[in-house]
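Please read the structure below before turning to the comments.
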Amino acid sequence: MDKKEILKEFSSDPDRYYKVELFEQQGFVRKSCSKCGRFFWTLNSERNLCPDDAEDTYSFIGDPPTSKRFDYTQSWKEVESFFVKNNHTSVSRYPVVCRWRDDLYFTIASIVDFQRVMGSKVVFEFPANPLVVPQTCLRFKDLENVGVTGRHFSSFCMIGQHSIPNSEGYWKDQCVDLDYRLLTEQFGIKKDEVVFVEDVWAGGGSFGPSLEYFVKGLELGNAVFTEFQGELGRHTTLDQRVIDMGAGLERFSWITMGTPTAYDCCFGPINEKLFNIIGIDSDSEILRKYFTEIAKEIDHYDDLNEVRRLAIKNAGISDDQLNKMITPMEGMYLIADHLRTLIFAISDGALPSNVGGGYNLRMMLRRINATISKLNLKLDIDDLIDTHTDYLKNTYPELDEKRDDVKAILKIESQRYEDSKVHMKKKADKIKEKGTPTVDELITFYESDGITPEYLKEVNAISEIPSSFYSKLSDLHQSDKKKTIAELPLEGLAETETLFYQDDPMGFNAKVLKVFDDMVVLDRTSFYARGGGQEPDHGSIAGFSVIDVDKHANIIVHKLKGGVPKEGDNVSCKVDATRRSNITKNHTSTHILNASSRGVLGSWVWQHSAFKEDDHARLDITHHSSLTDSQVKQIEDAANNMIKQNYPVNIEYFDRGTAEQKYGFRIYQGGVVPVKAVRIVSIEDKDIEACGGTHVKKTGEIELIKITKTKRIQDGVVRLEFVSGPTAFEYVKEQQAEDEKQKELEANKEKIEIQRKENKQKAREKIPVLIEKILAGESVESEGIFVKDKLCFTASPDYDDFFHQNFGKKLVAKDSKAAFCGIFESGPTIRVMVYAGAESGINSGKIAKEIASILGGSGGGDAKFAQGGGKDTSKKDEAIAKAKSMILG
Ligand SMILES: [Zn+2]
Ligand SMILES: [Zn+2]
């Protein structure tokens, strides 16, 4: 929908769309900007320019229009107390990791907290009406602006003021009245400083007018009245109209403090810490001038580098000031901002990685690391995390208990960055050679090698970071969670009655509603359809095998083999109970392992995905590193302990909003639940998940869980393969058999080794005796040695390598007329060894060569000593005969 068209339409009838009671009561006048034509409402009839174009833009820097001064924490207290005083419920922030929406990784606005997607429709679920919430929102589109512009953050607190106009809530008049009083009464802003600008909002098929409110050119908030749906002109009023007023808490603080940047009043004591390190006074005239220039120009240029150059010129910043003051300050602000975002994201269970939303987190940490090394800083990140958390816990107490987890993750990630530097340097050198890369190339460098443009700038491989880099990267990783649905002829069919959620009979009768190809739809079924990682039931329908079951919206489709019944038939159905029981045990086991992994590893562990089959299953969890053997053992032990405790597995249905309020967003381990009634499966307080699968009644039924394998399958995800129940016992049995076999093999090996040692010893003792006998002319044929005139030959299997060597060597040393040739087996080869005394008349080399060639191998040596061998065992006898004749004649 064209926003301009809608704005034109609405502004042509301001009485209907924009004029609220407040404007009448206070005497606001409606003006059109003499520069841009936009319509705005003001008490100052002299004002002719809209806030974006007016002269007073950003004049609050150094000259705040309020008598009161509130920092970030105090600002929220003011906002909260004002709205609570005016009958609003103050709701705690929702997680920044948006587990309840399929299309978002991170919470980007306060209204997202209350949006639930049902099919193609977005519905609103408010825990209270009206309400106010300090919602931390993560946005990565303007990353290059962070630290530079004075007002862009990677995460900020959106003050969400929301109301549904019914008996409890209110509509436009009261909303604008409240916002005006918040500014003037609570924050002490002079009435004629407040300007309301007419605008519109459109998205997700609905639209409505909005009033943005400004003070001194700074947009503080935007009250959106989501009112219509459909095409402009043919639009209708929504059943559920909603007020979506979002305001930036950081800006509320900034307008009262008038500091050079919004960062100066929103990060708490961390700024002072950082500025002490670089020795800058952030409250100086030159900085006020510089950042006012930046603020004024930022909306007029697309390229941030351009804006920066202009501000440097206009504020009269010298090169020295730029290098010693501006650049380090930008770095400090960046570090403070990015660290704050990482604290929120990691506390809420996200991990830096190279997939999905993890991309942005890794990018931020790398920007922190690159900045630290560029500015050559010695920073204690743990200490900075503590400083941030101590300040933030005033508003967000839940961050307090996660600080050690945040430290652990950042340490591991920073180390990874350090480890990859050598590789990155090589790549950067190549990039330098090739010349300036395009934005797409830069994105590829980051995605495939983790090389940030900050790093490339740091090593002078590029001179500037293109301003479109971050918005492009963020677009790529904003919402790649998508699904495709197969088209089947199911129109007009009634929802299948799911017996597995009732008595769960393994045998039942049903009516065939539809048959197409080998697919059958029944009016009721106890066949569990594939879903939530649980594989489908098998069994039979009317005697035909059921080989697959799938769910399409609310209709369950069975795939048959061998034939199909007729439409209208009443059929008898049987579920394979053993298969189902095994799958069920595996499913409850994934919940148990998820809980035990979280307990052993840390709060960042979430189920990434799961798969539950009959004879095996796997659970993929979010974790930063491969698991050690000891961790695997601990997880398995903790899981089996949960089995031993025989905890009941409870299944209860809740209204979704109630479940979220009661248990938090941990329930969304298996992903988004697109229904209003949530099925909560809980194992005491150890594990509570929204889950549609089948489960055992008590954990003891599982009897045993064995983890068979673990593997880091992608960055930030570890896979646990496991078996449970009877399969686990089989696995243990197999393992034991395998162990025993291994032991036996080991024992055998040992035996052989002992035998060898004994033989060696015996042979060693025998050698001198044999030699003496031979030289004395006595027969040693009984020992398997044939002698003729001191020339000896043996092929006895009693002698090994060691014997031949020692015997031959010693014999010829004692008598130069003696010679020895031995043939023996050594592993797969038959070897020959020949020793000949100088006066024996035997040539060792000749014999060894000849024998080896008979055996299909080769031999070598000289006249005194030679050896060789071959693998052709069929020639063994021939070789022995030949050798014997060669030496004995
Ligand atoms: Zn204007
Ligand atoms: Zn489950």
Which condition number does ARG69 fail, the rest of (1) more than 11 Å from GLN186 (Cα to Cα); (2) more than 16 Å from ligand 1 (Cβ to nearest atom); (3) surrounded by 17 or more Cβ atoms within 10 Å (Cβ to Cβ) being met? (3)
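Here's the yes/no breakdown for (1) touching a Phe, Trp or Tyr at 6+ places or on another chain (Cβ under 7 Å); (2) more than 24 Å from GLN631 (Cβ to Cβ):
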{"position": "GLY671", "(1), (2)": "no, yes"}
{"position": "ILE683", "(1), (2)": "yes, no"}
{"position": "LYS709", "(1), (2)": "no, no"}
{"position": "ASP715", "(1), (2)": "no, no"}
{"position": "VAL718", "(1), (2)": "no, no"}
{"position": "VAL723", "(1), (2)": "yes, no"}
{"position": "THR727", "(1), (2)": "no, no"}
Taking the options VAL732, VAL696, VAL769, VAL723, name whichever one is within 16 Å of ligand 2 (Cβ to nearest atom) and either out of contact with any Asp or Glu (no Cβ under 7 Å at 6 or more places or on another chain) or not in a helix (DSSP H, G or I) (or both). VAL696
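Let's see how each residue does on (1) touching an Asp or Glu at 6+ places or on another chain (Cβ under 8 Å); (2) under 29 Å from ILE754 (Cβ atoms):
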| site | (1), (2) |
| --- | --- |
| GLY784 | yes, yes |
| LYS788 | no, no |
| ALA795 | no, yes |
| ALA838 | no, no |
| ASN843 | no, no |
| LYS849 | no, no |
| LYS871 | no, yes |
| LYS884 | no, no |
| ILE887 | no, no |
From ALA883, ALA852, ALA866, ALA848, grab the single residue that is in a strand (DSSP E or B) and surrounded by 17 or more Cβ atoms within 10 Å (Cβ to Cβ). ALA866
Can ASP281 be described as farther than 26 Å from GLU55 by Cβ, in a loop (DSSP other than H, G, I, E, B), more than 39 Å from the chain's Cα centre (by Cα) and free of Cβ contacts under 8 Å to residues at least 24 places away in the same chain? yes
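Results for (1) within 16 Å of ligand 2 (Cβ to nearest atom); (2) of a type in the set (D, E, K, R), shown as yes or no for each residue.
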{"residue": "VAL520", "(1), (2)": "no, no"}
{"residue": "ARG530", "(1), (2)": "yes, yes"}
{"residue": "ALA542", "(1), (2)": "no, no"}
{"residue": "SER545", "(1), (2)": "no, no"}
{"residue": "ASP550", "(1), (2)": "no, yes"}
{"residue": "VAL557", "(1), (2)": "no, no"}
{"residue": "LYS585", "(1), (2)": "yes, yes"}
{"residue": "VAL605", "(1), (2)": "yes, no"}
Filter region 502-532 down to the residues that are part of a strand (DSSP E or B) and of a type in the set (Phe, Trp, Tyr), then identify the one that is modelled with the highest pLDDT. PHE508
Going by the conditions given, is GLY599 under 18 Å from MET519 (Cβ atoms) and either away from ligand 2 (no atom under 15 Å from the Cβ) or within 28 Å of the chain's Cα centre (by Cα) (or both)? no
Being of a type in the set (Lys, Arg) and under 16 Å from ASP576 (Cα atoms) is the filter here; which residues of region 505-550 pass it? ARG530
Count of region 1-53 residues which are of a type in the set (Ser, Thr, Tyr), outside any strand (DSSP E or B), within 16 Å of ligand 1 (Cβ to nearest atom) and in contact with a strand residue (DSSP E or B) (Cβ under 9 Å, 6 or more places away or on another chain): 1
Could you run through region 590-616 and say how many residues are touching a strand residue (DSSP E or B) at 6+ places or on another chain (Cβ under 6 Å) and in a strand (DSSP E or B)? 5
How many of the residues in region 72-109 are part of a loop (DSSP other than H, G, I, E, B), among the hydroxyl-bearing types (Ser, Thr, Tyr) and surrounded by fewer than 22 Cβ atoms within 10 Å (Cβ to Cβ)? 1
Please identify the pairs in which a residue from region 713-742 that is without any contact (Cβ under 8 Å) to a residue 12 or more places away in the chain has its Cβ atom under 8 Å from the Cβ atom of a residue that is buried (at least 19 other Cβ atoms within 10 Å of the Cβ), counting only partners at least 6 apart or on another chain. GLU730/VAL723
Got at least one residue in region 133-152 being out of contact with any strand residue (DSSP E or B) (no Cβ under 6 Å at 6 or more places or on another chain) and closer than 19 Å to VAL242 by Cα? no
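The values are calculated or read from the model by the stated rules, or taken from the named source; none is laboratory data. Since this is a predicted model, take the numbers as computed values, not measurements. Quick reminder, even Gly has a Cβ in these numbers, built from the backbone with ideal geometry, and neighbours come from all protein chains shown.
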